[in-house]
Amino acid sequence: PPGDPSFFELRSINEASSRGAELVRTLLAYSRKQVFRPEVLDISDALADYYVLLRDIIDERIKLDVVHGRDLPRVKVDKNQLETAITNLCTNARDAMIEKNGGGRLTIRTSKSDAAAARKDGFTHVTEGEYVLIEVIDDGVGIPPEIMEKIFEPFFTTKDVGKGTGLGLSMVHGIIKQTGGGIAVETVRGQGTTFRIYV
């Protein structure tokens, strides 16, 4: 309990263990060796449930909009892993917008899509059928073209030391790939970035 001579040391050990466990989960997601527990979901319902938690994570200077598409097919995904991926994209978007002008607008938009649209976004190995497209759209600083090819690499980060592991986007990439989907990015320097997830 607090007040015990060992309290602070034990708390430090616990925090270090939690950080280590999170790092291992991240690396497993990147290498696509994480245990997934997929379930059939209505993405609109899942995002509606998740909105409250996401609102707490995103800075109050950010306006958060969730726009649900109509007649979305149900998809088979690991809900917790999908939430982890979206959280990482949203926290990166938050940082980009605060860096640009201290705030901004973050939009999460869902729509019905298909294999043809996925192929247009650069995915060559997609099975035919319906997909749900989840877009995470910010109006932040954008991603410089010279680093675009590196953003999904593990340990690559543009953040200051101690402010990022460089594993967030690599984990997102691993999660989406293991789900059987794809992720694409479109960015304009100084105007913002859109990540498109097909599941």
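The values are calculated or read from the model by the stated rules, or taken from the named source; none is laboratory data. Here the structure is a predicted model, which means the values were calculated and not measured. All Cβ positions, even for glycine, are placed from backbone atoms using ideal geometry, and neighbour counts span all protein chains on display. When the accessible area is computed, the model is the full protein with side chains, heavy atoms only, and any ligands, DNA or RNA have been set aside. Shrake-Rupley method; radii C 1.70, N 1.55, O 1.52, S 1.80 Å.
Some values worked out for this structure:
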item: Note, ³J(HN,Hα) from phi for region 49-65, Karplus 6.51, -1.76, 1.60, rounded to Hz, x at Gly and Pro; result: 5, 7, 4, 4, 5, 5, 4, 6, 6, 7, 4, 5, 7, 9, 7, 10, 10
item: Cα-projected label distance for Ser17 with Ala184, points at 7 Å along beta-carbon direction, nm; result: 4.5 nm
item: Long-range HN-HN contacts of Leu167 with modeled amide H, under 5 Å; result: Phe155
item: Per residue accessible area of region 79-141, 1.4 Å probe, in Å²; result: 45 Å²
item: Over region 77-140, relative contact order from alpha-carbon pairs under 8 Å, at least 6 apart, %; result: 40 percent
item: Residue-wise HN-Hα coupling along region 84-98, computed from phi with Karplus coefficients 6.51, -1.76, 1.60 (Hz; x: Gly, Pro); result: 4, 4, 5, 4, 4, 5, 5, 5, 5, 4, 4, 4, 5, 6, 5
item: Of (1) -0.42; (2) -0.30; (3) -0.37, the label for log10 I(q)/I(0) by the Debye sum over Cα atoms at q = 0.09 Å⁻¹ derived from the coordinates; result: (3)
item: For Glu39, residues with placed amide H under 5 Å, excluding near neighbours; result: Val77, Asp78, Lys79
item: Protection-proxy order for peptides 127-140, 46-59, 80-93, each taking the mean of Cβ atoms within 10 Å per residue, highest first; result: 80-93, 127-140, 46-59
item: 222 nm mean residue ellipticity, helices alone, for the chain (DSSP H n ≥ 4; -39,500 (n - 2.57); rounded to 500); result: -13500 deg cm²/dmol
item: Reciprocal of mean inverse Cα separation for region 85-199 (Kirkwood radius, Å); result: 14.6 Å
item: Relative contact order of the chain, defined on C-alpha pairs under 8 angstrom at six or more residues apart (%); result: 23 percent
item: Fraction of accessible area attributable to carbon and sulfur, region 84-199 (%, probe 1.4 Å); result: 49 percent
